[in-house]
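The values are calculated or read from the model by the stated rules, or taken from the named source; none is laboratory data. Nothing here was measured: the structure is a model prediction, and the numbers come from that model. Don't worry about glycine lacking a Cβ; one is built from the backbone with ideal geometry, like all the others, and counts go over all protein chains shown. Remember, those area values only see protein heavy atoms, side chains included, never the ligands or the DNA or RNA. Shrake-Rupley method; radii C 1.70, N 1.55, O 1.52, S 1.80 Å.
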Amino acid sequence: MKALVAVKRVVDFNVKVRVKADGTGMDIANVKMSMNPFDEIAVEEAVRLKEKGVVTEVIAVSCGTTASQETLRTAMAIGADRAILVETAEELQPLAVAKLLKAVADKEQPQLVILGKQAIDDDANQTGQMLAALANWPQATFASKVELADGKATVTREVDGGLETIAINLPAVVTTDLRLNEPRYVTLPNIMKAKKKEITTMTPADLGVDVAPRLKTLKVSEPPKRSAGIKVGSVAELVDKLKNVSKVI
C-alpha cells in the first residue's frame, strides 16, 4: 500500500511575521522557513503506518519553488522513501494545489493521501477537501487517530462536540490534527541518509494543470492593536462597562 503525503514549506511557527510596507503581503525575506507543523504530523503518521507493516511505501510531495526540496529532505529524514517536487514560481492557491496533488495521485496510484488539515501561513483548510472532491474519494478531516485494515480506514475525528469515529473505504484522503501524534526528532544519520534519497522534479505543465490564481489579494494589514485591560471594583461596575463602554450587552 502506497501513502502519498503532501508537505508545504512555510515560515517557521516561532517567527513573528510582518506585513510589507506596501500592504501587498507578508515580508518573508531572510526569515526561517520550515515544514508546516500539521504536515509534519502527517509524515510522522504515514511513517508509523509503514513501521506497523500496513503501508509499504511513503512518498512525500510538495508544490512550490526549488527551495521546497529542503522540506522534502526533512520528510525523507523522518522516514519517507522518496519525494516528488512539483516546481513552480507561481502563487499556489488551495485549488491549484489540490489539482496538482490529484494529478500526482493519478500517476502514483496511492491508497492513502494524508496531509495537514491546514497550513499555518494562509490557514485555508481547503486543500484536503478539494482533493477528495476532485478525486471522488472518501475523506476524513481533523484526524486524531488513524487505523488501516481490510481496505478501510477507521478515523477518529476532532469535531466541535468532541470526537467522532468514522470508517471510510480506501483510497481516501485524511487530514491530520494536532493530537494525532508527536513527530519524532530527526537525527543527523537520518538527515545524511535523506540526502541520498530520490527527488523527482516535474512542473504543472508536465501534469497538465493550470495553476493560475483564481483569487486576488487586494491588501494585507495587521489586526488592530488591543487596548489594555482595566480592573473593576464590583459586578455592577463590570455590567456598566460592558453595557455602556464596550456595548457588548
Original post:
Mind checking whether some residue in the stretch 70-78 is open to solvent by 10 Å² or more (accessible area, probe 1.4 Å) and under 26 Å from A205 (Cβ atoms)?
Top reply: yes
Original post:
Which residues, taken from the stretch 80-95, are in contact (Cβ under 8 Å) with a residue 60 or more places away in the chain and open to solvent by 10 Å² or more (accessible area, probe 1.4 Å)?
Top reply: D81, R82, E87, T88, E90, E91, L92, Q93, L95
Original post:
For the stretch 23-46, how many residues are closer than 21 Å to F142 by Cα and surrounded by fewer than 22 Cβ atoms within 10 Å (Cβ to Cβ)?
Top reply: 2
Original post:
Taking the stated definitions as given, is T201 open to solvent by less than 80 Å² (accessible area, probe 1.4 Å) and either part of a strand (DSSP E or B) or hydroxyl-bearing (S, T, Y) (or both)?
Top reply: yes
**OP:** Please find, within the stretch 1-22, the residue that is least open to solvent (accessible area, probe 1.4 Å) out of those that are outside any strand (DSSP E or B) and in contact (Cβ under 8 Å) with a residue 24 or more places away in the chain.
**Re:** V7
Subject >> Residue among A98, A60, A80 that is touching a strand residue (DSSP E or B) at 6+ places or on another chain (Cβ under 7 Å), closer than 22 Å to K2 by Cβ and not in a loop (DSSP other than H, G, I, E, B) >> reply: A60
**OP:** Would you check which residues across the stretch 154-204 are among the hydrophobic types (A, V, I, L, M, F, W, C) and closer than 25 Å to E87 by Cβ and list them?
**Re:** V173, V186, I191, M192, A194, I199, M202
Original post:
Is there a residue in the stretch 133-144 that is closer than 30 Å to T217 by Cα, in contact with a strand residue (DSSP E or B) (Cβ under 7 Å, 6 or more places away or on another chain), modelled with pLDDT of 95 or more and open to solvent by 60 Å² or more (accessible area, probe 1.4 Å)?
Top reply: yes
Subject >> Which listed residue is in a loop (DSSP other than H, G, I, E, B), over 20 Å from V10 (Cβ atoms) and open to solvent by 30 Å² or more (accessible area, probe 1.4 Å), from K107, K196 >> reply: K196
